[in-house]
1. For region 182-196, what are the residues that are within 15 Å of residue 39 (Cβ to Cβ) and surrounded by fewer than 18 Cβ atoms within 10 Å (Cβ to Cβ)?
2. Take region 114-148 and flag every residue that is within 19 Å of residue 60 (Cα to Cα) and part of a strand (DSSP E or B).
3. Give the residue, chosen from 26, 87, 31, that is under 17 Å from residue 209 (Cβ atoms), touching a helix residue (DSSP H, G or I) at 6+ places or on another chain (Cβ under 9 Å) and either free of Cβ contacts under 8 Å to residues at least 60 places away in the same chain or not assigned by TED's automatic domain parsing to the domain that holds residue 139 (or both).
4. What about residue 101, is it in contact with a helix residue (DSSP H, G or I) (Cβ under 6 Å, 6 or more places away or on another chain) and surrounded by fewer than 17 Cβ atoms within 10 Å (Cβ to Cβ)?
5. Please verify whether region 64-73 includes one or more residues that are within 25 Å of residue 229 (Cβ to Cβ), part of a loop (DSSP other than H, G, I, E, B) and not assigned by TED's automatic domain parsing to the domain that holds residue 264.
6. Among strands (runs of 3 or more DSSP E) lying entirely in region 185-261, which contain 2 or more residues that are touching a strand residue (DSSP E or B) at 6+ places or on another chain (Cβ under 8 Å) and closer than 30 Å to residue 133 by Cβ?
């Protein structure tokens, strides 16, 4: 029902647009801190239209992207444990992670640097040691690996469900299948117009994933959606690709940068390629049909480096990255509009941080600042 008239709009302390990985965590954090909060999601909860579906996402403490992420990761691990306790469900599986690349490449060297800088327990393995210890891997000569035992994966859809249930239990209101048409500043607060109603709030949070740039014009050039594809392949030797025997990986090969998982949740070893076919996309008109080319580029790595996983195709799914120019996140208050907080542009490596992003967003909304070091993530760096 469309509510007309400025005085009839339902009033909240905070409205969160987008209830995926980041938004669900933010809604929960705000609600548990006493905020009257509304979460608005244009699709189902959870859904498979954006960036948080496909069973699981890698989590790792060794972090080649930038060592300054490590303190955030340490807090993320603590907060994943908190939501597991609340939900009564295991969401994080520590099965080990391997960052592998030729000696001298940032995927290996950056990972090692982060471990040395932050005193993270780790093992450096050469290609023979990787292959002997984890026979599902067939790394080429010259490939180095960093093994870190705390790595593993987080269940993506189950985490969203856990956060949404916990948020509702804390008094949050969450609406699925309600699309935001527009929002505008109103005094020191905001007014949000949807296809069902009008709402006002003191604060607004935008965690809309691939749709964020459509909500925040200044993100148009700096939070750019990209089509991704994931494959699940049936191993010919399944025992080598169980969580007990196969750590998650981030790998740089001559074919590109790939990531993968053991068999879990649905049939198949799971593999993806960063920046898949380098297809910038409009999230409302992305090509969701998968092609032979999509499968071939994923099999190119599977057949060469994980040949015992390269069996029949079980699942092929699209999703999206939302990339910034430097591939670091944006978590900040909007320039000139301090009542609006944006968390976007997670560039294909964000989900593992969802637990702590909710806390950072809560800090920015309630206190206007956070004790977490997010200098790397400011919007004005672009």
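The values are calculated or read from the model by the stated rules, or taken from the named source; none is laboratory data. Bear in mind the structure is a predicted one, so any value in this text is a computation, not a measurement. All Cβ positions, glycine included, derive from the backbone under ideal geometry; neighbour counts span all protein chains shown.
1. Within region 182-196, 196 is the sole residue that qualifies.
2. Matches in region 114-148: 123, 124, 125, 144, 145, 146, 147, 148.
3. After ruling out the rest, the residue left standing is 26.
4. Spelling it out, it is not the case that residue 101 is in contact with a helix residue (DSSP H, G or I) (Cβ under 6 Å, 6 or more places away or on another chain) and surrounded by fewer than 17 Cβ atoms within 10 Å (Cβ to Cβ).
5. Within region 64-73, one or more residues are within 25 Å of residue 229 (Cβ to Cβ), part of a loop (DSSP other than H, G, I, E, B) and not assigned by TED's automatic domain parsing to the domain that holds residue 264.
6. Counting at least 2 such residues, we get 224-233, 248-253, 256-261.
Residue by residue, here is whether (1) over 30 Å from residue 79 (Cα atoms); (2) in contact (Cβ under 8 Å) with a residue 60 or more places away in the chain; (3) not assigned by TED's automatic domain parsing to the domain that holds residue 121 holds:
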| residue | (1), (2), (3) |
| --- | --- |
| 139 | yes, yes, no |
| 144 | yes, no, no |
| 173 | no, yes, yes |
| 176 | no, yes, yes |
| 183 | yes, yes, yes |
| 186 | yes, no, yes |
| 193 | yes, no, yes |
| 197 | yes, yes, yes |
